[in-house]
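A short reminder: the numbers here are calculations on the coordinates, not readings from a lab. Computed from a predicted model, the values in this text were never measured in an experiment. Every residue, glycine as well, gets a Cβ built from its backbone with ideal geometry; the counts of neighbours run over all protein chains shown.
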Amino acid sequence: MGRGGRVRSAEPGARPPSTPSPEPVTGPVRTCVGCRRTGSRSDLLRVVVTGGGSLEPALVVDAARSLPGRGAWLHPDRRCLELAERRRAFGRSLRHAGPLDPGPIGEYLEAWRG
């Protein structure tokens, strides 16, 4: 260790090796709220909260990616949905204080898998 508690590298100005990504992502990149991995926007589902005023808030999949409001992104995988439920990630990422039922997303995934 050098002065100030810093670890010195073998060569001045040497940078740690970066880990290459498995495949290059083109276009906008988003992070899955379930597994926290990044992916192309076209590979993830956008989820939004609908309802307001007198309607009860509900999670819906925004297949066209055009609904207004804040969106959360999720891989179209049941495991990512379960992780997001366990972590209570939808409420945090969508900045919604009340309980949200992820049931409609599960139904969408089942219908999508066919």
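Observations on the model:
- Near pairs, Cβ below 9 angstrom, 6+ apart or cross-chain, from the stretch 91-112 (part of a helix (DSSP H, G or I)) to any residue that is crowded, with 16+ Cβ neighbours inside 10 Å and of a type in the set (S, T, N, Q): none
- Scoring residue 35 on the criteria (1) in a loop (DSSP other than H, G, I, E, B); (2) in contact with a strand residue (DSSP E or B) (Cβ under 6 Å, 6 or more places away or on another chain) leaves a single failure, condition (2).
- Considering residues of the stretch 60-81 that are surrounded by fewer than 12 Cβ atoms within 10 Å (Cβ to Cβ) and aliphatic (A, V, I, L, M) only, the residue nearest to the chain's Cα centre (by Cα): 63
- Residue list for the stretch 35-59, restricted to those being surrounded by 12 or more Cβ atoms within 10 Å (Cβ to Cβ) and under 13 Å from the mean Cα position of the chain (by Cα): 35, 36, 38, 39, 40, 41, 43, 44, 45, 46, 47, 48
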